[in-house]
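The values are calculated or read from the model by the stated rules, or taken from the named source; none is laboratory data. Bear in mind that the values here come from a model prediction, so they are computed numbers and not experimental data. Methodologically, a virtual Cβ is constructed for each residue, glycine included, from the backbone with ideal geometry; neighbour enumeration extends over all protein chains shown. For accessibility, only protein heavy atoms count, side chains too; no ligands or nucleic acids. Shrake-Rupley method; radii C 1.70, N 1.55, O 1.52, S 1.80 Å.
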Amino acid sequence: AFDASGTGSWSAVALAVNYALSFRAAASSNAYAGEGHSYALKATIEAANAQGHLFVASAGNKNKDASRAYPCAFAVENVLCVASTTPADVLEASCNFGNETVDI
């Protein structure tokens, strides 16, 4: 869904998740985050939820509340928002955070 420079679109991400769903994948690992909301991606995540698919998502790396970092900000039951930690198991300084949005 992304090119060599790390640029991509939410619609490309939705296509990639739909591809995984077509193979009945139980989970997907989604290590990206952005501030733009995408109705297409949210609908794809909701469809994944209906199939019992776990959507693991990165909290993002902007050192701010993840309530505006998508896909973590989507209030869909199957989204597991994951923060990054140091080798000492301390939250990375750049990692997004949020009691309501970051799960682990």
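Some points to look at:
- Efficiency of FRET from Cβ geometry, residue 39 and residue 67, R₀ 22 Å, rounded to 0.05: 0.80
- Amide H to amide H, with H built 1.01 Å from N, residue 32 comes under 5 Å of 58, counting only residues 5 or more places away or on other chains.
- 5 angstrom amide H check on residue 81, placed H, neighbours 5+ away: 57, 103, 104
- The chain, accessible surface, carbon-and-sulfur percent (1.4 angstrom probe): 53 percent
- Dimensions (Å) - the chain, Cα atoms, principal axes, largest first: 38, 30, 24
- Converting phi to 3J(HN,Hα) with the Karplus coefficients 6.51, -1.76 and 1.60 and the offset θ = phi - 60°, the stretch 8-25 yields x, 10, 4, 5, 5, 5, 4, 4, 5, 5, 4, 4, 4, 5, 5, 9, 6, 4 Hz in sequence order, with x at every glycine or proline.
- Accessible area per residue (1.4 Å probe, heavy atoms of protein chains only) ranks 9, 28 as 9, 28, with the largest value leading.
- For the chain, the solvent-accessible area of protein heavy atoms averages 59 Å² per residue (probe radius 1.4 Å; ligands and nucleic acids excluded).
- By the Cβ distance rule of under 4.7 Å, the chain has these cysteines without a partner: 95.
- Backbone HN-Hα couplings from phi across the stretch 37-54 [Karplus 6.51/-1.76/1.60, Hz, Gly and Pro as x]: 7, 10, 5, 5, 5, 4, 4, 5, 5, 5, 5, 4, 4, 5, 8, x, 7, 8
- Stretching the chain fully between residue 24 and residue 90 yields a gain of 20.3 nm (0.36 nm per residue, less the alpha carbon separation).
- Considering only 15, 41, 91, the mean-square fluctuation computed in a Gaussian network model of the chain, springs between alpha carbons under 10 angstrom, is largest for 91.
- In this view, the solvent-accessible surface of residue 19, computed with a 1.4 Å probe and all protein chains in place, comes to about 150 Å².
- For the chain, modelled as a GNM whose springs connect Cα atoms under 10 angstrom apart, the maximal fluctuation among 55, 23, 74 occurs at 23.
- Comparing mean-square fluctuations of 13, 90, 79 from a GNM of the chain with C-alpha springs under 10 Å, the top value falls on 90.
- Environment charge at residue 83 (Cβ cut-off 15 Å; Lys +1, Arg +1, Asp -1, Glu -1): -3
- Helix-derived mean residue ellipticity, 222 nm - over the chain, DSSP H n ≥ 4, -39500 (n - 2.57), to 500: -7500 deg cm²/dmol
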